[in-house]
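The values are calculated or read from the model by the stated rules, or taken from the named source; none is laboratory data. Worth saying up front: this structure is predicted, and the values here are computed from it rather than measured. Glycine also receives a Cβ, built like all others from the backbone with ideal geometry; neighbour counts cover every protein chain displayed. Areas reflect the complete protein model, heavy atoms only, side chains present, ligands, DNA and RNA absent. Shrake-Rupley method; radii C 1.70, N 1.55, O 1.52, S 1.80 Å.
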Amino acid sequence: MHHTNNNTQNKSIKKEFKTKDAIMVFSSFTLMCTAIIFVLVSSDLFTLQKFLSFNNFSLMLMEVAAASSGLVMFGIVLAVFIPSTYIDDANKNYQNGSLPSIVVFMFLAALFEELLFRGIIQNALSIFTEHQWTTIVITTVLFLALHTQYFKKPVMLLNISVPSLVFGWIYVETSNILAPFFVHFIMNVVMTFLFKYRLLSIRN
């Protein structure tokens, strides 16, 4: 019995270390993206107004609230109707870390992905075309390409393509990278906590 407890403890420590490793990796990537964006803004390739606009702050807050609520509902519907065999195992393990580690990990993961995909890639594509939905769709395709682990479970591609389209749309609407970041972060944290505290379970 004591041996079993030790094994369980070792597994928990191992998972916690994995979370810490992920935090370090995402911290490094976030700093790299921040540096790239700073150079691009300094070189006048990107405008600060397009990157961090606060022209209509109240409208931005409403859009963030609406998009976050909609994506959480979308995630709940998928969890209720999609069998667990179609869900990627990595998504099942996010909830196993401690509360602070989950929040920090989700914060950095969302920040890195939004800086890279909306802040750099989508902005760069908009230089070559004025069709905003073209830039949003191409950025989403590249976003999907980053998640190669989901190719074996296509339902997971739907699970990230719809949010990515929403992130791209809200960035175009607000011209503020904080808007898609907060939507991304809120969606990830709420869904993870729903599973962690057993308020929501994946269908068998």
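Residues in segment 145-155 that are open to solvent by 80 Å² or more (accessible area, probe 1.4 Å), among the hydrophobic types (A, V, I, L, M, F, W, C) and either in a helix (DSSP H, G or I) or closer than 25 Å to Leu52 by Cα (or both): Leu146 alone.
State yes or no: is Ser69 under 17 Å from Met187 (Cα atoms), open to solvent by 40 Å² or more (accessible area, probe 1.4 Å), among the polar types (S, T, N, Q) and in a helix (DSSP H, G or I)? Taking the combined requirement at face value, the residue satisfies it.
Of all residues in segment 14-41, which are at pLDDT below 75 and open to solvent by 80 Å² or more (accessible area, probe 1.4 Å)? Within segment 14-41, Lys14, Lys15, Phe17, Lys18 qualify.
Taking Val104 as the residue in question, decide whether it is assigned to a helix (DSSP H, G or I) and surrounded by fewer than 17 Cβ atoms within 10 Å (Cβ to Cβ). No. One residue stands out among those in segment 107-144 that are polar (S, T, N, Q) and without any contact (Cβ under 8 Å) to a residue 40 or more places away in the chain: the one that is surrounded by the fewest Cβ atoms within 10 Å (Cβ to Cβ), which is Thr129.
Looking across segment 167-204 at every residue that is open to solvent by 10 Å² or more (accessible area, probe 1.4 Å) and of a type in the set (S, T, N, Q), the one that is farthest from Ile121 (Cα to Cα) is identified as Asn204. Against the list (1) within 16 Å of the chain's Cα centre (by Cα); (2) under 22 Å from Phe29 (Cβ atoms), the condition Val162 fails is (2).
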